[in-house]
1. Starting from residues that are surrounded by 17 or more Cβ atoms within 10 Å (Cβ to Cβ) and not in a helix (DSSP H, G or I), keep the ones in segment 166-182 and report whichever is modelled with the lowest pLDDT.
2. Can you tell me which residue among PHE129, PHE96 is part of a helix (DSSP H, G or I), touching a helix residue (DSSP H, G or I) at 6+ places or on another chain (Cβ under 9 Å) and surrounded by 15 or more Cβ atoms within 10 Å (Cβ to Cβ)?
3. Of these, PRO161, PRO134, which one is assigned to a loop (DSSP other than H, G, I, E, B), free of Cβ contacts under 8 Å to residues at least 40 places away in the same chain and either over 30 Å from SER270 (Cβ atoms) or among the acidic types (Asp, Glu) (or both)?
4. Which condition from (1) over 19 Å from MET1 (Cβ atoms); (2) of a type in the set (Gly, Ala, Ser); (3) surrounded by fewer than 22 Cβ atoms within 10 Å (Cβ to Cβ) is the one that ALA49 breaks?
5. If the Cβ limit is 8 Å and pairs must be 6+ apart or interchain, which residue in segment 106-126 that is under 20 Å from HIS183 (Cβ atoms) pairs with which residue that is modelled with pLDDT under 95 and assigned to a strand (DSSP E or B)?
6. If you check ILE58, ILE80, which single one turns out to be at pLDDT 95 or above and touching a Phe, Trp or Tyr at 6+ places or on another chain (Cβ under 8 Å)?
7. Consider segment 58-84. How many of its residues are outside any helix (DSSP H, G or I) and more than 21 Å from GLY202 (Cβ to Cβ)?
8. Limited to segment 65-93, what total is found for residues that are open to solvent by 40 Å² or more (accessible area, probe 1.4 Å) and either among the basic types (Lys, Arg) or in contact with a Leu (Cβ under 8 Å, 6 or more places away or on another chain) (or both)?
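The values are calculated or read from the model by the stated rules, or taken from the named source; none is laboratory data. Just so you know, these numbers come straight off a predicted model, no measurement behind them. Note: ideal-geometry Cβ built from the backbone for every residue, glycine included; neighbour counts use all protein chains shown. Just so you know, the surface numbers come from the protein's heavy atoms only, side chains and all, with ligands and any DNA or RNA stripped out. Shrake-Rupley method; radii C 1.70, N 1.55, O 1.52, S 1.80 Å.
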Amino acid sequence: MTLSVVVITHNEESNLARTLESVQPLVADGKGEIIVVDSGSTDRTVEIAKSFGAKIFIEEWKGYAAQKNSAIDKAQGDWILSLDADEEMSGEARQFVDLHFAAFLSIFADAEAVYFNRRNYFLGRWMRFGGFYPDPKVRLFRRGSGLFEKRLVHEDIRIVPGKRVVDPNWEYDERADFHLIHHSYPTLSDYITHMNRYSSLGAEMVVAKNNGRVRFSAINIVLRPLATFVYNYFFRLGFLDGREGLLLHLYHAVYVSWKYAKAWELSRDSSSLSS
């Protein structure tokens, strides 16, 4: 098979080399291609992408899903591997694609997509509990079989109905852990910045879902975040991830509160403008 690795970027010089280095063996010697869709980086992102022989496209930002689908549309490989710029293939996942994929397809000839587990890192620590692992994601799929769903944030690949998605960790080798490494938030500042942006996008989704009318709700702004923290930190054993786990679940609860508070604010502002 030939493989297309697709990545979207914007000022990712601290992450991109690590990501592309992890997939370079999969596309070397004519086995595939790397496609990078950049939305106007002002750092060394494009330079780094060029150093790995990537095909680079500069496009205005259209939103996460639309930008990723634009990259997918440019792919020419039989299979597409879609990665975020802060993700990398583990050695196990890379060997699976490079050395075992032909054998895998001989067993699962009808497979159209593949799940990989994802190890999320927060402040340098792998978050093993609290619902953050195994965090399976479809990242590898046949060209034409999937696209990212049209969401403002937390978008996932949706495979064409009726197509088979296989999890090799369960169906191919139960002893293996074919996983991605997600270097999501190396610092608290990174996390707060991302959650501020994601909560704004999430608020827009809440407003749209409620036809522009969102009431001020202490349940959503206070009780829902508290319940989220208790559920993930205690019942899903997030406390086993130490100090980093405490901070992650505490600030994730804050994100939930921000999302619903911002939704109310957006609804209030739009109502006042219309009146």
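1. Within segment 166-182, the first condition is being surrounded by 17 or more Cβ atoms within 10 Å (Cβ to Cβ), and the residues that meet it are 166, 168-169, 172, 178-182.
Checking the rest, the ones that are also not in a helix (DSSP H, G or I) come to 166, 172, 178-182.
Values: VAL166: 97, TYR172: 93, PHE178: 96, HIS179: 97, LEU180: 98, ILE181: 98, HIS182: 98.
Out of the qualifying residues, it is TYR172.
2. Details: PHE129 fails: part of a helix (DSSP H, G or I).
Answer to the selection: PHE96.
3. Working: PRO134 fails: free of Cβ contacts under 8 Å to residues at least 40 places away in the same chain.
The conditions single out PRO161.
4. If we test ALA49 against (1) over 19 Å from MET1 (Cβ atoms); (2) of a type in the set (Gly, Ala, Ser); (3) surrounded by fewer than 22 Cβ atoms within 10 Å (Cβ to Cβ), just (3) comes out false.
5. Correct list of pairs: ASN120/SER184; TYR121/SER184; PHE122/SER184.
6. Details: ILE58 fails: touching a Phe, Trp or Tyr at 6+ places or on another chain (Cβ under 8 Å).
From the options ILE58, ILE80, the qualifying one is ILE80.
7. Applying the first criterion (outside any helix (DSSP H, G or I)) to segment 58-84 yields 58-63, 74-84.
Keeping just the survivors that are more than 21 Å from GLY202 (Cβ to Cβ) gives 58-60, 74-83.
Number of matching residues: 13.
8. First pass over segment 65-93, keeping only residues open to solvent by 40 Å² or more (accessible area, probe 1.4 Å): 66, 73-74, 76, 78, 92.
Pick out the ones that are also either among the basic types (Lys, Arg) or in contact with a Leu (Cβ under 8 Å, 6 or more places away or on another chain) (or both) and you get 74, 78.
Going through segment 65-93 one residue at a time, the tally reaches 2.
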